[in-house]
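Take a look at the structure below.
The values are calculated or read from the model by the stated rules, or taken from the named source; none is laboratory data. Quick caveat: nothing in here was measured; it's all calculated off a predicted structure. Cβ: placed from backbone, ideal geometry, glycine included. Neighbour counts: every protein chain shown.
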Amino acid sequence: MAVSSLFGASIRRREDPRLITGQATYTDDLRLPGMVYASIVRSPHAHARITRIDAAAARRHPGVVAVFTGRDLEGKINPIPTAWLIPNSDLKTPPHPALAVDRVRYAGDGVAVVVADGPYTARDAAALVRVDYEQLPAIVNQEKAVEAGAPQLHEEAPKNVAFTWKLAGGDAKAAFAEAERSGVVVRQRFVNQRLIPNAMETRGVVAKYTSGSGELTVWYTTQNPHIARFLMSVVTGIPEHKVRVVAPEVGGGFGSKIPFYADEAIVAFCAKATGRPVKWTEDRRENYLATIHGRDHITDLEIAARRDGTLLALRGKTWANLGAYLSTAAPGVPTILHGLILTGCYTIPNIDYEVQGVFTNTTPVDAYRGAGRPEATYLIERMVDLVAARVGLDPADVRRKNFIKAEQFPHTTAEGLSYDSGNYGPALDKALELIEYTRLRDVQKQGPKDNRYLGLGLSTYVEICGLGPSAVAGAVGFQGGLWESATVRLHPTGKATVYTGTSPHGQGEETTFAQIVADQLGLPIEDIEVVHGDTGAISMGWGTYGSRSTVVGGAAIAVASQRVRDKAAKIAAHMLEAAESDLTFERGRFSVRGTPDRSKTIQEVTLQAYLAWSLPAGVEPSLEASAFYDPTNFTFPFGTHAVAVKVDADTGQVELRRYVAVDDCGRVINPLIVDGQVHGGIVQGIAQALHEGAAYDADGQLLTGSMSDYAVPRARMFPRFVTGRTETPSPHNPIGVKGVGETGTIASTPAVVNAVMDALKSFGVTHIDMPLTPERIWAAIHKQSDKKAEVKAR
Amino acid sequence: MKRAISVTVNGTKYSNEVEPRLLLVHYIRDTLGLTGTHVGCDTSNCGACTIMMNGRAVKACTLLAVQADTAQLQTVEGLATNGDLHPIQQGFWEEHGLQCGFCTPGMMMAALELLRRHPDPSEAQIREGLEGNLCRCTGYQHIVNAIQNAAGKLRGAPVR
């Protein structure tokens, strides 16, 4: 398939020159004639009744164009919908007004918007909007929120339960009975703490409404402009063909720019109501309060195993905190994207699992890098280590023993997924070799040095990527398709423009997609332009998330390129007066087999396709093709991450000594870009293990509400990562790729926690909830030491 | 109310009347239209707004425009000369030192300061020197490589 040297080459990114010279245009860089600025007044309380809003002083403030409250929007802006209606779950979808009318449900809930002639003026006037609140008791913990007597958020959701979702496969009851009789059962509670995505660019919107044509144009920090257009249309009532959404340069997303937020609809409303283009740029404080958070699970889990380490069954329940309202994909993240991958890369034939989605007076929770899969991987990978410790085997051996074997693929799991391909053993072996596992185990046996304890941790993961087959999306209640579009258009001069429905924002697909096209059509890469992120230019697309862009969007581009090549071959055959079957195509040149001097370049063919002076019968002019590629299955990247840590027992400080990542993401288009994705993911995942965590007080105030309070990781916290790869192409993907955007985040968290727990085993510490701060580690060591001392004293 | 200031940015002199409370970063972005310098936080943590002021790296969100009166400023737009990329820009490009690019202008200006202090920095010095700059995409490793690459170029060492 790959004939040129471009597929698989670490070429420099084509998007970089504009980014490193300050010429890129992000949403906040836009300035339109007559533009005014919005500032959103947000509730300082987590739960309160609004008794009165007095905007008179704000309206009088010089420079103010308009002030709108929730009442002003009533009937004009529809509630913000959720787009993932998970089936068989009794899902409740209470209304989410764009601006609160009589009640606020989290600190950060919008109550009014001020539009003024400058950003500073807008903020000045926002401070003048007087809102009287009658505070109500708040609830932030999801487990307590479902208890009797807890404060209630929505009438439509009794006991704050948004849904109860169940998953069962095999016979977990029988497996646990067997393990209770003759094997082992390990039980553990896990907290997957709430994280704050922290894309370096906050959200922003510029909205312009032209009343003469009825058209709304929105420049918007989104990962999925077509979904944004659809939802903007639903919420504002402006018909979809009159809405254009443009994602300019987008400064990172990590899932936080998937949802359609109330703020976007508010700004669009302001543009229509005032007749002026309106810009709104979230500040970082607002970003912490009003942009989605991720994770936030509490899980009680038990695993059944035989004494030889054979895993038999998983059983448990998760309380997933959804925050105050259902964000766009929120119901699907802790269920479909989480539960379906719980047994990981192991043959565990029995599962019985329940997830309760719970409303609380906190910022809404939705997809954050990995979205459900990091939570699942953390559970199973921690459990495997706990089983290994219980039965007295090395964690690497327990993993190897339970792996789905290479010859078992395609493999149907207890959860009902069909893993397309895999070969887990070699990735584990390679990681063990790279980290020198055997040698480090020997070093570990020599005991601590200077009270610093060596620990080794593994995580052998598999993830669901390449979202996904549209039929499956429909079956699991996602209110959209998950196919992807591509158009490959050659121009008369032989240059090409490629249109993709994905919306890359840092992942480098302007480069990797051009590599695919260059590979397929033999064009010089500098002759290919990749266009994305504009509903006015691209027919349809589902955007960038779930490690789908290269897998689904890249496949669409490959298919469209093949169609272009097929048409070009017909024209070339006509030009060369040869049969199409006698042609070869190599490095951009059609040649007649056996007479290589009779040939035409793709550029020559393209010109003739446009001139159309002499085309073969039945062939239309021009040279372009589109593809709407709908995958037949997900892809399942896998790998092993291995970590060596040293834990200082005096201080509880963790030092990352060595980090090895062996990932199998199928065929690699650009190794440099893949390494970049892996590195970034690892850092986010390690940060969950060791540093990050959102904290609320009991009244629902976000205590970690700024970058001064929330531990966004810094360069000095990390060693140099060693990356390795194995390559097991996806059998159903046209270019054999599987996705790599989330692997690092999914794999690294449990690997690090396992390493720290391994270091602490001599203290009898078996589990500490994340983040593993020095304080928590120190306390755990001392709690165990105190217990031992107590026992001795008796 | 407004105060007159004169500032030289990337070799061009600008004179404007500004509100005393106007942040330097907003002056650069909104008044001068140099939008390569970004705002990533409200608390001087992220470093996306890092620029050079009188030859030293500063966070432009932490200064008022009036404090820059008479100063010489350099922003990302002033890194390349006559269309030739600065070695730091080359390093970031060659080593894949950026993904979404939002932190990159500030990161490169911080690198400029770092290499001024340590022309041949160790990896630890680079990581320490980036303490004031956050990147959420790259995991920093390729940024470290980029700065090592740039250091080599600036010292005239053979490019690896």
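Considering only residues in segment B:69-92 that are more than 16 Å from the chain's Cα centre (by Cα) and free of Cβ contacts under 8 Å to residues at least 40 places away in the same chain, the one that is nearest to the other protein chains (Cβ to nearest Cβ) turns out to be B:GLY83. Taking the condition more than 10 Å from chain B (Cβ to nearest Cβ), charged (D, E, K, R) and either buried (at least 20 other Cβ atoms within 10 Å of the Cβ) or under 18 Å from the mean Cα position of the chain (by Cα) (or both), does A:ASP663 pass? Against the criterion (more than 10 Å from chain B (Cβ to nearest Cβ), charged (D, E, K, R) and either buried (at least 20 other Cβ atoms within 10 Å of the Cβ) or under 18 Å from the mean Cα position of the chain (by Cα) (or both)), A:ASP663 qualifies. Of the helices (runs of 4 or more DSSP H) that lie entirely inside segment A:1-107, those containing 1 or more residues that are acidic (Asp, Glu) span A:16-20, A:70-73.
Every residue, every condition in (1) assigned to a helix (DSSP H, G or I); (2) in contact with a Phe, Trp or Tyr (Cβ under 7 Å, 6 or more places away or on another chain); (3) on the phi > 0 side of the Ramachandran plot, yes or no:
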site	(1), (2), (3)
A:GLU655	no, no, no
A:ALA661	no, yes, no
A:MET707	no, no, no
A:PRO713	no, no, no
A:THR728	no, no, no
A:GLY741	no, no, no
A:GLY744	yes, no, no
A:MET757	yes, no, no
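Scanning segment A:481-503 for residues that are surrounded by fewer than 18 Cβ atoms within 10 Å (Cβ to Cβ) and within 30 Å of A:LEU85 (Cα to Cα) gives a single hit, A:GLY481.
For segment B:25-63, the tally of residues that are more than 14 Å from chain A (Cβ to nearest Cβ), touching a residue at least 24 places away in the same chain (Cβ under 8 Å) and more than 12 Å from the chain's Cα centre (by Cα) stands at 1.
Within segment A:618-637, at least one residue is surrounded by fewer than 16 Cβ atoms within 10 Å (Cβ to Cβ), closer than 22 Å to A:LEU490 by Cβ and among the hydrophobic types (A, V, I, L, M, F, W, C). Can you go through A:THR21, A:THR51 and tell me which one is within 14 Å of chain B (Cβ to nearest Cβ) and β-branched (Val, Ile, Thr)? Result: A:THR21 is the single residue among A:THR21, A:THR51 that is within 14 Å of chain B (Cβ to nearest Cβ) and β-branched (Val, Ile, Thr). In segment B:111-143, the qualifying residues are those that are within 10 Å of chain A (Cβ to nearest Cβ) and small (Gly, Ala, Ser), and the one that is nearest to A:LYS257 (Cα to Cα) is B:GLY139.
Test B:ALA57 against the stated conditions and say whether it is surrounded by 22 or more Cβ atoms within 10 Å (Cβ to Cβ) and either modelled with pLDDT of 95 or more or part of a loop (DSSP other than H, G, I, E, B) (or both). Yes; evaluated as a whole, the condition is true for this residue. Here A:GLY652 qualifies as away from every other protein chain (no Cβ under 14 Å), over 21 Å from the mean Cα position of the chain (by Cα) and among the small types (Gly, Ala, Ser).
Of the residues examined, A:GLU215 is not one that is surrounded by fewer than 22 Cβ atoms within 10 Å (Cβ to Cβ) and farther than 30 Å from A:PRO277 by Cα. Applying the set (1) crowded, with 23+ Cβ neighbours inside 10 Å; (2) at negative phi; (3) in contact with a Lys or Arg (Cβ under 6 Å, 6 or more places away or on another chain) to A:GLY357 leaves exactly one unmet item: (3).
Does A:LYS144 qualify as being among the basic types (Lys, Arg) and either surrounded by 21 or more Cβ atoms within 10 Å (Cβ to Cβ) or assigned to a loop (DSSP other than H, G, I, E, B) (or both)? Spelling it out, it is not the case that A:LYS144 is among the basic types (Lys, Arg) and either surrounded by 21 or more Cβ atoms within 10 Å (Cβ to Cβ) or assigned to a loop (DSSP other than H, G, I, E, B) (or both). A single member of A:GLU143, A:GLU134, A:GLU147, A:GLU155 is among the charged types (D, E, K, R) and touching a Phe, Trp or Tyr at 6+ places or on another chain (Cβ under 7 Å), and it is A:GLU143. Is at least one residue of segment A:126-136 in contact (Cβ under 8 Å) with a residue 40 or more places away in the chain, closer than 30 Å to B:LEU24 by Cα and either in contact with a Ser or Thr (Cβ under 7 Å, 6 or more places away or on another chain) or of a type in the set (Phe, Trp, Tyr) (or both)? The answer is yes, given that some residue of segment A:126-136 is in contact (Cβ under 8 Å) with a residue 40 or more places away in the chain, closer than 30 Å to B:LEU24 by Cα and either in contact with a Ser or Thr (Cβ under 7 Å, 6 or more places away or on another chain) or of a type in the set (Phe, Trp, Tyr) (or both).
So, in segment A:382-416, how many residues would count as being among the aliphatic types (A, V, I, L, M), in contact with a strand residue (DSSP E or B) (Cβ under 9 Å, 6 or more places away or on another chain) and part of a helix (DSSP H, G or I)? Even if it seems obvious, please write down each step before you answer.
Quick first cut of segment A:382-416, residues among the aliphatic types (A, V, I, L, M) only: A:383-384, A:386-389, A:391, A:393, A:396, A:398, A:404, A:406, A:414.
Of the ones still in play, those that are also in contact with a strand residue (DSSP E or B) (Cβ under 9 Å, 6 or more places away or on another chain) are A:383-384, A:386-387, A:389, A:391, A:396, A:398, A:404, A:414.
Among the residues that remain, those that are also part of a helix (DSSP H, G or I) are: A:383-384, A:386-387, A:389, A:391, A:396, A:398.
Of the residues in segment A:382-416, 8 are among the aliphatic types (A, V, I, L, M), in contact with a strand residue (DSSP E or B) (Cβ under 9 Å, 6 or more places away or on another chain) and part of a helix (DSSP H, G or I).
Here is a check on your reading of the model: is A:ALA330 without any contact (Cβ under 8 Å) to a residue 40 or more places away in the chain and buried (at least 24 other Cβ atoms within 10 Å of the Cβ)?
Spelling it out, it is not the case that A:ALA330 is without any contact (Cβ under 8 Å) to a residue 40 or more places away in the chain and buried (at least 24 other Cβ atoms within 10 Å of the Cβ).
Among the residues of segment A:227-270, the ones that are of a type in the set (D, E, K, R) and within 14 Å of chain B (Cβ to nearest Cβ) come to 2 in all.
Only one residue in A:VAL41, A:VAL36, A:VAL67 is within 14 Å of another protein chain (Cβ to nearest Cβ), over 30 Å from B:GLN90 (Cα atoms) and buried (at least 23 other Cβ atoms within 10 Å of the Cβ). Which one? Can you show your working first?
Values: A:VAL41 fails: within 14 Å of another protein chain (Cβ to nearest Cβ); A:VAL67 fails: within 14 Å of another protein chain (Cβ to nearest Cβ).
Exactly one residue qualifies, and that residue is A:VAL36.
In this structure, does A:ASN224 turn out to be away from chain B (no Cβ under 14 Å), surrounded by 24 or more Cβ atoms within 10 Å (Cβ to Cβ) and within 20 Å of A:GLY370 (Cα to Cα)? Judged against the criteria, A:ASN224 is a match. Note on segment A:428-473: residues that are over 22 Å from A:PRO631 (Cα atoms), not β-branched (Val, Ile, Thr) and not in a strand (DSSP E or B) total 20. Just to be sure, is A:ARG31 away from chain B (no Cβ under 14 Å) and surrounded by fewer than 17 Cβ atoms within 10 Å (Cβ to Cβ)? Criteria not met by A:ARG31. The condition of being under 30 Å from A:ASP664 (Cβ atoms) and either modelled with pLDDT of 95 or more or crowded, with 24+ Cβ neighbours inside 10 Å (or both) holds for only one of A:THR512, A:THR606, A:THR584, A:THR601, that being A:THR512.
The set of residues from segment A:675-712 being within 9 Å of chain B (Cβ to nearest Cβ), buried (at least 19 other Cβ atoms within 10 Å of the Cβ) and over 16 Å from B:TYR140 (Cα atoms) comprises just one member, A:MET707. The lone criterion from (1) β-branched (Val, Ile, Thr); (2) touching a Leu at 6+ places or on another chain (Cβ under 7 Å); (3) surrounded by fewer than 24 Cβ atoms within 10 Å (Cβ to Cβ) left unmet by A:THR210 is number (2). For segment B:131-144, filtering for residues that are buried (at least 21 other Cβ atoms within 10 Å of the Cβ) and either in a helix (DSSP H, G or I) or touching a residue at least 60 places away in the same chain (Cβ under 8 Å) (or both) leaves 6.
Residue check: B:VAL66 meets all listed conditions (1) part of a helix (DSSP H, G or I); (2) more than 10 Å from every other protein chain (Cβ to nearest Cβ); (3) closer than 29 Å to A:VAL674 by Cβ but one, namely (3).
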